Ligand SMILES: NC(=O)c1ccc[n+]([C@@H]2O[C@H](COP(=O)([O-])OP(=O)(O)OC[C@H]3O[C@@H](n4cnc5c(N)ncnc54)[C@H](O)[C@@H]3O)[C@@H](O)[C@H]2O)c1
């Protein structure tokens with residue numbers, strides 16, 4: 001069949017009958033490539049544009065994933081593109097960076113000089129493209145780069161957010177699931193604060209479909225965690241993975257893909273993301289990882305949950321750390 005034989009065939013995004021879902025991914029390293037893979041595997045988008053400073057890499061990622069399409073649940077158009085292709089995208093993902101810079105030091109702020117420079121290069125091009133969708137930042141330090149992008153893109157409130165403590169929360173859920181024998185999807189728990197070393201698990205919020213952690217711990221001593229120990233263990237999980245494989249990729253890709261699916265399906269699900277706080281938890285003017293209601297508008301609501309006094313204070317310390325890193329980024 002000739003490809004363009006049907007003169008009535010409308011281009012993706014303009015058919016007017018079916019709304020096609022278009023996603024752009026900037027940075028096709030370990031993370032960007034795995035986000036791509038999850039989007040295709042789960043049939044989350046209909047069209048995916050790949051952008052990388054290494055154009056050949058973007059082209060080869062497209063070629064490689066296209067070689068999987070015959071066995072995927074749906075046909076998805078994937079190609080290497082430019083910023084000229086993403087003006088009408090629904091979601092744009094920033095996964096640019098240089099992971100070797102943070103992997104060597106177990107500190108995401110060491111990658112900051114590179115990712116801030118990348119963000120300064122990317123933001124004006126996204127703006128010039130006319131992009132008006134949801135911008136999901138993954139690049140580290142996640143809260144700092146998200147904050148910069150939100151300011152530079154000037155999109156309506158909620159449309160720029162970061163994966164934040166979404167990945168760390170998945171790590172926490174895995175630990176809780178392992179120790180309790182309960183499926184992670186039946187557990188409510190969050191990491192709060194910085195996607196970095198200044199984050200913690202407010203244990204007062206942990207529940208097993210309504211049964212508090214403290215109740216569960218009465219019959220299972222493995223669940224007798226101290227907040228400090230479990231928080232440190234979750235933070236360390238990232239560096240344990242990095243020590244051997246020099247990056248993390250599956251967890252963050254699943255986290256980002258889930259967030260994109262929520263947005264594109266207007267699911268209105270609650271997930272922890274890096275969101276702008278405007279009075280919630282007594283904080284203002286800072287992006288930090290907190291549970292949020294996500295939907296087609298991005299962050300539609302920051303969910304303010306009841307923290308204990310000690311957890312409240314801990315959260316302020318985390319926000320201070322993020323503020324310090326934002327100030328550092330400004331000086332670069
Ligand atoms: N938020 C999280 O939970 C989380 C988890 C894992 C990794 N990360 C971060 O994600 C980022 C990517 O990680 P990775 O392992 O894929 O890194 P990587 O070094 O493997 O790949 C980065 C990619 O970005 C591209 N790139 C660099 N500058 C660019 C620019 N200006 N424009 C377009 N593309 C550019 C590079 O060419 C490369 O392909 C890093 O900042 C990393 O720290 C975040």
Requested in this report: Looking only at region 239-253, count how many residues are modelled with pLDDT of 95 or more, within 16 Å of residue 98 (Cα to Cα) and part of a helix (DSSP H, G or I).
Outcome: 1
Query raised in the report: Do we have residue 165 as in contact with a strand residue (DSSP E or B) (Cβ under 9 Å, 6 or more places away or on another chain), closer than 18 Å to residue 227 by Cβ, within 16 Å of the ligand (Cβ to nearest atom) and at pLDDT 95 or above here?
Result: yes
Query - Residues satisfying the stated conditions in region 254-275, i.e. surrounded by fewer than 21 Cβ atoms within 10 Å (Cβ to Cβ), outside any helix (DSSP H, G or I) and on the phi < 0 side of the Ramachandran plot - result: 265, 267, 269, 270
Report summary line: Scanning region 118-154 for residues that are within 13 Å of the ligand (Cβ to nearest atom) and exposed (fewer than 15 other Cβ atoms within 10 Å of the Cβ) gives 120, 121, 124
Query raised in the report: So, in region 277-332, of the ones that are on the phi > 0 side of the Ramachandran plot and assigned to a strand (DSSP E or B), which residue ends up modelled with the lowest pLDDT?
Result: 285
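The values are calculated or read from the model by the stated rules, or taken from the named source; none is laboratory data. All of these numbers come straight from a predicted model, not from anything done at the bench. Because the Cβ atoms are built from the backbone with ideal geometry, glycine has one as well, and the counts that use them run over all protein chains shown.
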